[in-house]
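Report on the following structure.
The values are calculated or read from the model by the stated rules, or taken from the named source; none is laboratory data. Computed from a predicted model, the values in this text were never measured in an experiment. Cβ placement follows ideal geometry from the backbone for every residue including glycine, while neighbour counts extend to all protein chains displayed. To get the accessible areas, we keep the full protein, side chains included, count just its heavy atoms, and leave off ligands, DNA and RNA. Shrake-Rupley method; radii C 1.70, N 1.55, O 1.52, S 1.80 Å.
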Amino acid sequence: MTSLHRDALLRAESSIAKVKDSVNKDLMRLKYHFMAPAYWINDPNGLIFYKGEYHLFYQHYPYAPVWGAMHWGHAKSKDLVHWEHLPIALAPSESYDLHERGGRFSGSAVDDDGVLSVLYTGTILRDGAVIQTQNLAISTDGIIFHKYEGNPVISAPPKDGSADFRDPKVWKHDNIWYMVVGSSKDGKGKALLYKSPNLREWDYVGVMAESDGKMGTMWECPDFFPLGDRYVLMFSPMGMGENKTVYLVGDMDYDTGKFTWDTMGRSISVTNIMPRNRSWTAKEEEL
């Protein structure tokens with residue numbers, strides 16, 4: 001662990017320690033749904049079952065109850081109901097993730113032969129431009145994480161993407177690691193596919209799937225997994241009105257790197273249920 005990262009973690013833990021006891025006495029504090037010990041929490045990240053326990057990471061700002069430079073909070077559980085808070089896993093500290101309006105954005109976790117490995121997006125602003133890269137951190141005990149010294153493992157988006165280039169989801173297929181990253185280009189959301197033999201060296205495969213012009217301008221937080229003999233691609237679209245999450249069901253061709261879908265479903269804000277859009281050409285389902 002670099003001294004910069006260690007110091008950033010110590011400062012964050014010190015901030016939480018000053019208020020967590022008083023915060024825990026708040027009668028409005030949730031008792032069933034998970035909360036951070038104090039201050040800001042949003043997206044869950046890197047949910048994984050590792051060495052007999054469930055691990056939860058989450059976007060966290062440990063200095064105030066507002067959105068700020070994102071850290072990764074950390075907790076574990078044996079039953080997904082009772083959670084033990086662990087030290088903050090990751091803090092902004094390096095040139096690729098240290099910025100008050102950036103930090104360590106969303107990502108995922110995998111078990112690499114006993115090594116808990118997390119892939120995440122580092123976000124900074126430089127000369128008014130957003131720079132998003134994909135980075136690796138590892139832990140052998142599931143608690144203390146070391147940022148890979150060769151970060152970023154993906155330093156720039158491909159020509160098919162844009163500066164919106166974030167939220168890696170990683171999985172293994174036929175002994176090869178794959179990563180899907182959310183992005184956009186020409187007003188269309190995209191899922192970009194990479195592959196790697198070791199989580200450190202990544203080759204760009206191509207556009208795994210993209211919007212047909214009606215499914216959002218940017219695909220955030222993509223998830224991809226098999227379900228029975230088919231595959232599901234999920235994402236949170238930007239620019240799609242009240243639609244908050246979309247899932248596509250289809251088939252994956254690992255030889256070409258293409259995901260072909262035939263069924264679409266979506267979750268819609270309960271505050272303003274929109275009518276079904278009859279312009280979809282494929283079978284559509286609503287959650």
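Taken as a whole, the condition of being in contact with a Ser or Thr (Cβ under 6 Å, 6 or more places away or on another chain) and either among the β-branched types (Val, Ile, Thr) or at pLDDT below 95 (or both) does not apply to VAL232. Yes or no: region 101-109 includes at least one residue that is open to solvent by 40 Å² or more (accessible area, probe 1.4 Å) and under 23 Å from SER183 (Cα atoms). Yes, the conditions are met somewhere in region 101-109.
Residue count for region 223-236 satisfying the condition of being closer than 23 Å to GLY187 by Cβ and either touching a Phe, Trp or Tyr at 6+ places or on another chain (Cβ under 6 Å) or open to solvent by 60 Å² or more (accessible area, probe 1.4 Å) (or both): 3. Listed residues THR260, THR281, THR256; which is under 16 Å from GLU210 (Cβ atoms), hydroxyl-bearing (Ser, Thr, Tyr) and modelled with pLDDT under 95? Answer to the check: THR281. Sub-8 Å Cβ pairs linking a first residue in region 4-22 that is assigned to a helix (DSSP H, G or I) to a second residue that is of a type in the set (Asp, Glu), at least 6 apart or interchain, are LEU4/GLU94; HIS5/GLU94, ordered by first then second residue. On the stretch given as region 182-218, residues that are in contact with a strand residue (DSSP E or B) (Cβ under 7 Å, 6 or more places away or on another chain), open to solvent by 20 Å² or more (accessible area, probe 1.4 Å) and polar (S, T, N, Q) total 1.
Checked against (1) touching a Ser or Thr at 6+ places or on another chain (Cβ under 9 Å); (2) open to solvent by 40 Å² or more (accessible area, probe 1.4 Å), TYR61 passes all but a single condition, namely (1).
Take ASP26 and decide whether it is under 29 Å from VAL153 (Cα atoms), without any contact (Cβ under 8 Å) to a residue 40 or more places away in the chain and not aliphatic (A, V, I, L, M). When the stated conditions are applied, ASP26 does not pass them. Listed by first and then second residue, the pairs linking a residue in region 35-48 that is in contact (Cβ under 8 Å) with a residue 60 or more places away in the chain to a residue that is open to solvent by 30 Å² or more (accessible area, probe 1.4 Å), with Cβ atoms under 7 Å apart and 6 or more places separating them unless they lie on different chains, are ASP43/CYS221; ILE48/ASP111.
For the structure I just gave you, tell me whether PRO168 is surrounded by fewer than 24 Cβ atoms within 10 Å (Cβ to Cβ) and either in contact with a Ser or Thr (Cβ under 8 Å, 6 or more places away or on another chain) or at pLDDT 95 or above (or both). No; evaluated as a whole, the condition is false for this residue. Taking every residue in region 223-238 that is closer than 15 Å to GLY265 by Cα and pairing it with any residue that is at pLDDT below 95 and open to solvent by 50 Å² or more (accessible area, probe 1.4 Å), at least 6 positions away or on another chain, the pairs with Cβ-Cβ distances below 9 Å are SER236/LYS244; PRO237/LYS244.
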